[in-house]
């Protein structure tokens, strides 16, 4: 037995090597190369952190000069702040919408059909999703404006993606619809693992539904919440396709709905400034790494 | 009775033991003899089986040897066949020529209008051509990587002029200096694909952006007339606004922002003059200069307070303009003729009271032959054809296009708007599309900042500063 274990250990590198070679070639090397070129100018000269300085001081990335104007000024608040707004608005909305729907649909007959319908947003290609959003928020034909008209809120009727103060929010709110299916499915799976006895005991003890939720349901869904938060955060940080399709590669009116990944694309494939784009990519990687490490550490601790 | 002695007892026991031992030995001997017999039989069977196995192994070995011989023969035959097929392909290629791949941005009706041009080339030269659709925006991320690998997805590719200049300079594009006579083209149109007097691309047909389109029947029904002065233009806009049901007198297209840049360029070319248009393109006049700011303040901004609509993306709005239910005027390029069901009812007018020489913004489609084409001779033949009077005559006959080759006769155009456009452009100064010419990050910034200006005219100064920050 011991000999077999030693033999298997000796062969481990052999078993890992096919996947390892692919990862090194197609993941590790490009990542390292991207980080490497971010320290050089387009002429190949070593410039240290100059690209990072240029990126972080450019109005496209951070534009806090006249915050009072908000998104209505050229460049809006900058792509980095827009990404943060994505996280601040989109994350709680999509997470709690999914949780609420999962709880509501838990004991409903035929809930799987409703869940599937909601999950369709998740399986829709985000490019298509972006086009649907653009259509949804259009003044004359969009369902959102039709809804406002029915409610008598004509002052809100406009092409949301054409106005700087609403373009970013239109894409974020629309994405909540597309992304809620993810948290719904994760939370539904989590709810199925909570024993019924806990609820019966709480009922016998006279706990209110509110108390039951905060003392039983939500704490026991903590691992699911962590997964939802992590995956949503990563998605929001690297958000690109849906914005590109909904407001165009310019990032919307006055670049008011620009995001980091879209700016990276413009610098890489419009300006062919791969070094500055690499700096943005490295910043994005660092941000996503922080989130990923946080999650991995939590899971290891568990 | 005498009792046996101890000795007699011992002898008796020994005799009994001897008898029992002898009987046991005899029985055991008989049993072993059976086993030995069985064992002998088994060994004999085994020997027989080993003999059979040896025979089988020998048979298999023979079969394998036969198979190897046959396989070698088959492989040799297959290799011969492949060589023969390859030779035949080469012979066929020599006979009919290779199949060239052309990559262009046109799909749908526009592609249908382009394919007859390629068919004409096939008929003329016998070289087959296949067409693949890729917009310039989609090619931009692909081509640099392909070029770096020494490959190209097509033999003739339509792309932005500034991209052709950049990649031509880097050696990824075949130089075509002297292949076509530059005197055959509209003045300046080939400058956009030249670097240091080396030509890297060709100018195909293009589209003019002459001004505001209207439906003649709509004007007639509402008693409207084409304006000849700026004051009349403003009156016309007010008159259209007063028509019941009209939401905005002028429909603003959006796309990703380029229709707004076309409108802006028309204002610049008309009220700033062709020289200002050229200066802004070359970067010799600043966008936030007093001259440009005044032009925007006096001419464009006043119309952004409800005369122009918000930027609209979807084609459904063109329907609403065409049927006169919501909009009266629409600024668009000459390809509008292919977007309405009755082009003979289309009318167009430029902004009135142009100071100095008149200029019309013209946007040509540019193409090139990559250095990595496998068929350079045939690709260059196609290049020449697309730039020639013959090739462009085929294209303009399909409608919606204006030739860059000045030898294309007016009767090559379909009667109606296309001919009118060609006549209108004759003798006028051709201005090259400003943002297409500059390209790069400027273009996306220009588009998105104009989108902002259209809905927030009060941001004019900040918008001009933002555009200037990316200008050449």
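Would you please name the residue that is farthest from the other protein chains (Cβ to nearest Cβ), looking only at residues in segment B:396-435 that are in a helix (DSSP H, G or I) and at pLDDT 85 or above? Filtering segment B:396-435 for residues that are in a helix (DSSP H, G or I) and at pLDDT 85 or above, the one farthest from the other protein chains (Cβ to nearest Cβ) comes out as B:411. Could you grab me the full set of residues in segment B:398-428 that are out of contact with any helix residue (DSSP H, G or I) (no Cβ under 6 Å at 6 or more places or on another chain), more than 24 Å from residue B:187 (Cβ to Cβ) and touching a residue at least 12 places away in the same chain (Cβ under 8 Å)? Scanning segment B:398-428 gives a single hit, B:414. Annotation note: of B:163, B:121, the sole residue that is within 16 Å of the chain's Cα centre (by Cα), in the same structural domain as residue B:396 (by TED's automatic domain parsing) and assigned to a helix (DSSP H, G or I) is B:163.
Listed here are the helices (runs of 4 or more DSSP H) enclosed by segment B:204-288 that have at least 1 residues being within 14 Å of another protein chain (Cβ to nearest Cβ) and touching a helix residue (DSSP H, G or I) at 6+ places or on another chain (Cβ under 9 Å): B:258-267.
Of the residues making up segment A:223-248, those that are surrounded by fewer than 24 Cβ atoms within 10 Å (Cβ to Cβ), over 11 Å from the mean Cα position of the chain (by Cα) and within 14 Å of chain B (Cβ to nearest Cβ) are A:241, A:244, A:245. For the condition within 23 Å of the chain's Cα centre (by Cα), surrounded by fewer than 18 Cβ atoms within 10 Å (Cβ to Cβ), in contact (Cβ under 8 Å) with a residue 40 or more places away in the chain and more than 14 Å from chain A (Cβ to nearest Cβ), residue B:389 does not qualify. Of the residues examined, residue A:172 is not one that is at negative phi, within 13 Å of chain B (Cβ to nearest Cβ) and assigned to a helix (DSSP H, G or I).
Residues of segment B:449-458 that are within 7 Å of another protein chain (Cβ to nearest Cβ) and in a helix (DSSP H, G or I): B:449, B:451, B:452, B:455. Going by what's in this entry, would residue B:374 be described as within 14 Å of chain A (Cβ to nearest Cβ) and within 26 Å of the chain's Cα centre (by Cα)? Spelling it out, it is not the case that residue B:374 is within 14 Å of chain A (Cβ to nearest Cβ) and within 26 Å of the chain's Cα centre (by Cα).
Filtered by the rule that a residue be more than 32 Å from the chain's Cα centre (by Cα) and under 15 Å from residue B:446 (Cα atoms), segment B:266-286 gives a lone residue, B:286. Scanning segment A:133-144 for residues that are more than 12 Å from every other protein chain (Cβ to nearest Cβ) and either surrounded by 13 or more Cβ atoms within 10 Å (Cβ to Cβ) or not in a helix (DSSP H, G or I) (or both) yields a single hit, A:144. When the criteria are applied in full, residue B:173 meets the requirement of being at pLDDT 95 or above and either within 27 Å of the chain's Cα centre (by Cα) or buried (at least 23 other Cβ atoms within 10 Å of the Cβ) (or both). When the residues of segment B:310-343 are filtered to those that are at the interface with chain A (Cβ under 8 Å from one of its Cβ atoms) and over 23 Å from residue B:227 (Cα atoms), the one that is surrounded by the most Cβ atoms within 10 Å (Cβ to Cβ) is B:312. Among the residues of segment A:133-156, those identified as in contact with a helix residue (DSSP H, G or I) (Cβ under 8 Å, 6 or more places away or on another chain) and within 18 Å of residue A:242 (Cβ to Cβ) are A:133, A:134, A:136, A:137, A:138, A:142, A:143, A:144. The strands (runs of 3 or more DSSP E) located wholly in segment B:297-389 that include 2 or more residues which are farther than 25 Å from residue B:215 by Cβ and in contact with a strand residue (DSSP E or B) (Cβ under 7 Å, 6 or more places away or on another chain) occupy B:359-368. Only one of the numbered conditions (1) in contact (Cβ under 8 Å) with a residue 40 or more places away in the chain; (2) over 16 Å from residue B:468 (Cβ atoms) is not met by residue B:298, and that is (1). The lone criterion from (1) within 19 Å of the chain's Cα centre (by Cα); (2) free of Cβ contacts under 8 Å to residues at least 40 places away in the same chain left unmet by residue A:180 is number (2).
Considered as a group, the residues in segment B:315-343 that are more than 31 Å from the chain's Cα centre (by Cα) and at pLDDT 85 or above include one that is farthest from residue B:275 (Cα to Cα), and that residue is B:326.
Being within 12 Å of chain B (Cβ to nearest Cβ), assigned to a helix (DSSP H, G or I) and crowded, with 20+ Cβ neighbours inside 10 Å, is that true of even one residue in segment A:177-192? So far as segment A:177-192 goes, no, none of its residues is within 12 Å of chain B (Cβ to nearest Cβ), assigned to a helix (DSSP H, G or I) and crowded, with 20+ Cβ neighbours inside 10 Å.
None of A:51, A:83 is in a helix (DSSP H, G or I), more than 22 Å from the chain's Cα centre (by Cα) and touching a residue at least 12 places away in the same chain (Cβ under 8 Å) except A:51. Put simply, of B:154, B:188 the only residue that is at pLDDT 90 or above and either outside any strand (DSSP E or B) or over 21 Å from residue B:406 (Cβ atoms) (or both) is B:154.
Can you confirm whether residue A:104 is out of contact with any helix residue (DSSP H, G or I) (no Cβ under 6 Å at 6 or more places or on another chain), at pLDDT 90 or above, away from chain B (no Cβ under 13 Å) and part of a helix (DSSP H, G or I)? Against the criterion (out of contact with any helix residue (DSSP H, G or I) (no Cβ under 6 Å at 6 or more places or on another chain), at pLDDT 90 or above, away from chain B (no Cβ under 13 Å) and part of a helix (DSSP H, G or I)), residue A:104 qualifies.
The values are calculated or read from the model by the stated rules, or taken from the named source; none is laboratory data. Source: prediction; values computed, not measured. Here Cβ is always computed from backbone atoms with ideal geometry, including for glycine, and neighbour counts include all displayed protein chains.
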